[in-house]
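Every number in this text was worked out from the coordinates using simple rules, so none of it is lab data. Note that the coordinates shown come from a computational prediction; the quantities given were computed from them, not determined experimentally. Ideal geometry is used to build each Cβ from the backbone, glycine not excepted, and the neighbour counts take in all protein chains shown.
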Amino acid sequence: MSIRVMLVDDQVLLRTGFRMVLAAQPDMEVVAEAGDGAEAIDVLRSTAVDVVLMDVRMPRLDGVEATRRICAGPQAPKVLILTTFDLDEYAFSGLKAGASGFMLKDVPPGELLSAIRSVHSGDAVVAPSTTRRLLDRFSPMLPATGTEPRDKTLEKLTEREREVMMLVAQGLSNGEIAARLVLSEATVKTHVGRILTKLALRDRVQVVVLAYETGLVRAGGGAA
């Protein structure tokens, strides 16, 4: 079955470009479009959608509030936020509102398609560059060193899982982690899934924050 995608953006040309890229994929279908969050919510009442590509800054109802309302509903589609700004605070708010991913609009088509498939399969997707910049922005609010006692929560993890968690916190993708640890991507994905389950975390963003809060990594991005 094709992944049913909805495009939500107030710029018609951008929606047209995304539609052309997605239409060329045998496993994707653009089933709906909307020019703002309010229209998106209305359309979703009568259209079955698997993944919503959501802009952030739109008239009437922005992407953050629209994401919050969509994700709060029963059998909600996955929401992948696309924004022009890497440090858009509204986009980060969208992740808190329930979005499953955050990518930049200038992402290469291949990465966008991969992100849609990953989000559809239940994974969370955050661009590695965005993770790194998020850490640079918020690291002053997090522990500056690893001298504080580690949270006992991390005792639930194996040594390998802590190693993977540390690399996730540094903004590495599954592929980069696999290369660093000489593992397969499937194995890394399994480790990440176990980390999320054991620590009751929703996605990679929460993994990053917890890694810093517990002192697993320092604000500079290195191991504690």
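Lysines within cross-link reach of LYS198: Cα-Cα under 16 Å, excluding same-chain residues under 8 positions apart?
In chain and number order, the partners are LYS152, LYS156, LYS189.
With no solvent and one point per C-alpha, what does the Debye sum give as log10 I(q)/I(0) for region 3-126 at q = 0.11 Å⁻¹?
Calculated log10 I(q)/I(0) at the listed q: -0.29.
Among the trypsin sites (Lys or Arg not before Pro) within region 26-62, which fall in a DSSP loop and have no more than 12 other Cβ atoms within 10 Å of their own Cβ?
Sparse-neighbourhood loop trypsin sites (Lys or Arg not before Pro): ARG45, ARG60.
With θ set to phi - 60° and the Karplus curve 6.51 cos²θ - 1.76 cosθ + 1.60, what are the ³J(HN,Hα) couplings of region 38-43 in order, to the nearest whole Hz, using x for Gly and Pro?
3J(HN,Hα) across region 38-43, in whole Hz: 5, 5, 4, 5, 4, 5.
Residues with amide H under 5 Å of VAL30's amide H, sequence separation 5 or more or different chain, H placed in the peptide plane at 1.01 Å from N; which?
Amide H neighbours of VAL30: VAL5.
Taking the number of other C-beta atoms within 10 Å as the exposure measure, put SER184, SER118, SER46 in order starting with the fewest.
Ordered by Cβ neighbours within 10 Å, fewest first: SER46, SER184, SER118.
Which length gain, in nm to one decimal place, applies between ALA24 and LEU181 when the Cα-Cα distance is subtracted from 0.36 nm times their residue separation?
Length gained, ALA24 through LEU181: 53.0 nm.
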